[in-house]
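Heads up, the thing below is written out as structure tokens.
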Amino acid sequence: MKWLKIIAAAVFISVIFSLCTNKSNSASDVLSGNYWKEQALTDIIPFWTKYAQDNKSGVFFTNLDSLWSPFGSKDKYPSMISRHLFSYSIAYLLSGNEDYLKIAHNTVKWLLGKAWDKENGGWFDALDSVGNPVLTTKTTFVQVYAITGLTLYYFVTHDSTVLKYIEKSNKLLEQKAWDSTSGGYFNVMNRDWSVSDSNKSFSSLVTPVSGYLFYLYQATRDKKYLDQIDRILDITMNNMVDKESGWVLENFDRNWKYLPGREDETEINIGHNIEAASMLLRDYLITGNQDHLKSAKILAEKISRSGVLNDKEVWLTTVNRTSSTKHGSSTYWWVQAYGNMFNLYLYHVSGESKYLDNFQKGATFWDSCFMDKKHGDTFFSVDTAGRNKDGTKATRFKTSYHSIEHCLLNSLCLNLWVNDEPVEFHFRIASSQNGELLYPALLEDESVKISKVLIDNKDQSSLITDGQTIRLPVLSNSEVIVTLMNSKLSKRKIRSLK
């Protein structure tokens, strides 16, 4: 049986490699957490650093073609700029490379100095190349992703000024964009935060959870963010799930009446359904909410039947609401990334090896068909056979963010949930008061423990309090290196050796 599996895997891999243009890597490579760390630091972030920085504006080009040449509009979008901030914060977290932190710091300066509405609060939808507002509306999607990058920067630096902007931004969304009558966030507000578009959508409701709220909770352990997550997920499952098909739908009016697309289109967004199911699983891992676990499993089964080509584990872009035989003929980089990460969470929650096998297939497809090993980062989209359809590197919606998050979570999940390998994180604490708490574990798992702490190259492991918390001394611009291990896996490994 073991040899049959090996032969089947070899056949699968050879098929993938015959369809895609990249040189092959061993399928076992994608099961190594360190492989994904290296992908982030070798095949992704250096190319954005070399080609995507707009020296005239001080941030990043919005549109870059397949060869990294700028094209089209020079306007800047805070959501897109801050998603790069997420990536450079993670690049520093994984490497300790100060050059990445410097880029992150300069990006923060641009966001706070130019993109923040100093009169009304919140983030402008768009600015010109020198930083003057050209769209003063406040789309919820833009607000959310502006907060996302700042949250990861705060996680790495404990910059108190950045935390204040995060808290102000989230408070404005809660007070001004949340519908206190029917629930959910409105799509678009005017500059003064009066409602411009009262319709609701997946992109306005669930993205705060997937974008920043889990990371913000992990960084602060403030229960109000967990309560916010639960409220959003409950609204999602109560109002956005189609009673006929069971899919999470996209667009609604203020009172949650569904606003369908054209009947001849495949209207179910598979990526968003994966995203919803993933957020339900992550919430379950923290809260133990059985209803969210049940909903996640139901969605996972639907996606497995209709949203993924199981022979190659290619996650589809779209599928028809009532007919699973009608589906899109391609997939986007972010959909494949979400599908891969979802399989690792399903494996952790269920313990079923099939999900790890599915991850291996989907990750091999990503590595062989989506990664542009010649020019760096990923293709925008490929067809279901793995052929490049669009090699565009950057748009107002495609940045380094999804590729880097994919590498981050793959690395963490594989090291801490599969392989029992340590994870080393680098922090640069801007300043801290005596006794201030640092929560360095990003995964939703209490068995992930801190095994070692270095502060400015000195062992300070005595500052570990409960296995997941470091009680910081007074620090100023100090490097903190934290090693994380999974205590349950390590104990299991020790027992097996005995």
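The values are calculated or read from the model by the stated rules, or taken from the named source; none is laboratory data. Just so it is clear, the model here is predicted, and its values are computed rather than measured. With ideal geometry, Cβ positions are generated from the backbone for all residues, glycine too; neighbour counts draw on all protein chains shown.
When the range 83-120 is filtered for residues that are among the small types (Gly, Ala, Ser) and in a helix (DSSP H, G or I), the ones remaining, listed by number, are 87, 89, 91, 95, 104, 113, 115.
One line per residue, one yes/no per condition, for (1) charged (D, E, K, R); (2) within 22 Å of residue 346 (Cβ to Cβ):
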site: 194; (1), (2): no, no
site: 197; (1), (2): yes, no
site: 206; (1), (2): no, yes
site: 214; (1), (2): no, yes
site: 231; (1), (2): yes, no
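Mind listing just one residue for me: the one in the range 406-426 that is in contact with a Ser or Thr (Cβ under 8 Å, 6 or more places away or on another chain) and surrounded by 23 or more Cβ atoms within 10 Å (Cβ to Cβ) and, of those, nearest to residue 215 (Cα to Cα)? Filtering the range 406-426 for residues that are in contact with a Ser or Thr (Cβ under 8 Å, 6 or more places away or on another chain) and surrounded by 23 or more Cβ atoms within 10 Å (Cβ to Cβ), the one nearest to residue 215 (Cα to Cα) comes out as 423. Restricted to the range 322-378, and to residues that are aromatic (Phe, Trp, Tyr) and farther than 19 Å from residue 412 by Cα, which residue is farthest from the chain's Cα centre (by Cα)? Taking the candidates together, the pick is 365. For the range 326-344, a tally of residues being part of a helix (DSSP H, G or I) and either under 18 Å from residue 419 (Cα atoms) or small (Gly, Ala, Ser) (or both) returns 7.
Do we have any residue at all in the range 469-484 that's surrounded by fewer than 17 Cβ atoms within 10 Å (Cβ to Cβ), under 16 Å from residue 221 (Cα atoms) and not aromatic (Phe, Trp, Tyr)? The answer is yes; a qualifying residue exists. Can you tell me which residues in the range 373-383 are surrounded by fewer than 18 Cβ atoms within 10 Å (Cβ to Cβ) and either in a strand (DSSP E or B) or among the polar types (S, T, N, Q) (or both)? Result: 383, single match.
Please work out which residue is nearest to residue 123 (Cα to Cα), limiting yourself to the range 189-214 and to residues that are crowded, with 19+ Cβ neighbours inside 10 Å and touching a strand residue (DSSP E or B) at 6+ places or on another chain (Cβ under 6 Å).
Per the criteria, the residue is 189.
Filtered by the rule that a residue be at pLDDT 95 or above, among the acidic types (Asp, Glu) and loosely packed, with under 14 Cβ neighbours inside 10 Å, the range 441-468 gives 456, 459. Considering (1) under 20 Å from the mean Cα position of the chain (by Cα); (2) closer than 30 Å to residue 96 by Cα, the lone condition that residue 160 does not fulfil carries the number (1). Summed over the range 304-325, residues that are in a strand (DSSP E or B) and more than 22 Å from residue 417 (Cβ to Cβ) total 4. Say we look at the range 35-56 and pick out the residues that are touching a residue at least 60 places away in the same chain (Cβ under 8 Å) and assigned to a loop (DSSP other than H, G, I, E, B); which of these is surrounded by the fewest Cβ atoms within 10 Å (Cβ to Cβ)? Looking at the filtered set, the residue picked out is 56. Looking only at residues in the range 345-372 that are aliphatic (A, V, I, L, M) and assigned to a helix (DSSP H, G or I), which one is surrounded by the most Cβ atoms within 10 Å (Cβ to Cβ)? Among those that are aliphatic (A, V, I, L, M) and assigned to a helix (DSSP H, G or I), it is 363.
Quick check: anything in the range 281-303 among the polar types (S, T, N, Q), part of a loop (DSSP other than H, G, I, E, B), closer than 23 Å to residue 333 by Cβ and out of contact with any Cys (no Cβ under 6 Å at 6 or more places or on another chain)? Looking through the range 281-303, none of the residues is among the polar types (S, T, N, Q), part of a loop (DSSP other than H, G, I, E, B), closer than 23 Å to residue 333 by Cβ and out of contact with any Cys (no Cβ under 6 Å at 6 or more places or on another chain).
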